[in-house]
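Report on the structure given below.
The values are calculated or read from the model by the stated rules, or taken from the named source; none is laboratory data. Note that the coordinates shown come from a computational prediction; the quantities given were computed from them, not determined experimentally. Cβ: placed from backbone, ideal geometry, glycine included. Neighbour counts: every protein chain shown. What goes into the accessible areas is simple: the full protein's heavy atoms, side chains included, and nothing from ligands, DNA or RNA. Shrake-Rupley method; radii C 1.70, N 1.55, O 1.52, S 1.80 Å.
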Amino acid sequence: MKPATTACTYSATDLDVLARTLFGEARGEPREGRIAVAWVVRTRARLAMAYSQRNKGRPHPLFGDGRIASACQARWQFSCWNVNDPNRSKLLTAGPHIPAFRDCQAAALAVLDGMEADPTSNATHYHTTT
């Protein structure tokens with residue numbers, strides 16, 4: 001099977017933090033919603049890397065330093081990582097024993113490995129009407 005897109009470079013930490021971000025932000029969404037949020041993160045990381053390369057290694061003011069984990073945990077970007085957000089404790093304690101977390105891990109891996117095409121057309125933000 002041909003990949004939907006190219007894979008990106010990521011670490012085990014990047015994969016874990018992205019899965020936790022999906023769990024905190026989109027665990028109640030269908031797979032398509034989790035894929036879309038993962039692509040928003042991947043796009044932010046790509047833009048941050050390009051910014052950093054153009055600006056002598058300085059991180060992007062919103063999207064971090066170019067790593068997936070940095071894009072997820074950049075200040076005030078994904079509310080589930082904010083200290084006062086009720087989802088934060090849930091995402092920090094989530095693990096493979098929780099089916100919704102396993103679904104988020106699978107979505108994160110599919111996007112990072114290039115097995116899912118970008119349904120967002122390079123969006124850097126998302127919004128749900130629910």
Per the filter on the range 72-91, residues among the aromatic types (Phe, Trp, Tyr) and out of contact with any Asp or Glu (no Cβ under 8 Å at 6 or more places or on another chain) are TRP76, TRP81
Taking ARG54 as the residue in question, decide whether it is among the charged types (D, E, K, R) and either in contact with a strand residue (DSSP E or B) (Cβ under 7 Å, 6 or more places away or on another chain) or within 19 Å of HIS125 (Cβ to Cβ) (or both). no
(1) under 17 Å from ALA117 (Cβ atoms); (2) open to solvent by less than 70 Å² (accessible area, probe 1.4 Å); (3) not in a loop (DSSP other than H, G, I, E, B): which one isn't true of CYS8, the others all being true? (3)
Total residues in the range 81-118, condition in a helix (DSSP H, G or I), open to solvent by less than 60 Å² (accessible area, probe 1.4 Å) and farther than 20 Å from ALA12 by Cα: 1
Condition broken by SER121, with the remaining ones in (1) surrounded by fewer than 16 Cβ atoms within 10 Å (Cβ to Cβ); (2) in contact (Cβ under 8 Å) with a residue 12 or more places away in the chain; (3) under 21 Å from THR6 (Cα atoms) satisfied: (2)
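Residue by residue, here is whether (1) closer than 15 Å to ASP16 by Cβ; (2) more than 12 Å from the chain's Cα centre (by Cα); (3) of a type in the set (A, V, I, L, M) holds:
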residue	(1), (2), (3)
ARG44	no, no, no
LEU47	no, yes, yes
ALA50	no, yes, yes
ARG54	no, yes, no
HIS60	no, yes, no
TRP76	no, yes, no
ASN84	no, yes, no
Report every pair of residues separated by at least 6 positions or lying on different chains whose Cβ atoms are under 7 Å apart, first residue within the range 73-93 and on the phi < 0 side of the Ramachandran plot, second open to solvent by 100 Å² or more (accessible area, probe 1.4 Å) and outside any loop (DSSP other than H, G, I, E, B). none
All positions within the range 46-79 that are outside any helix (DSSP H, G or I) and either buried (at least 22 other Cβ atoms within 10 Å of the Cβ) or among the small types (Gly, Ala, Ser) (or both): GLY57, PHE63, GLY64, GLY66, ALA74, PHE78
THR43 meets each of (1) among the hydroxyl-bearing types (Ser, Thr, Tyr); (2) open to solvent by 10 Å² or more (accessible area, probe 1.4 Å); (3) in contact (Cβ under 8 Å) with a residue 12 or more places away in the chain; (4) not in a loop (DSSP other than H, G, I, E, B) with one exception, condition (2)
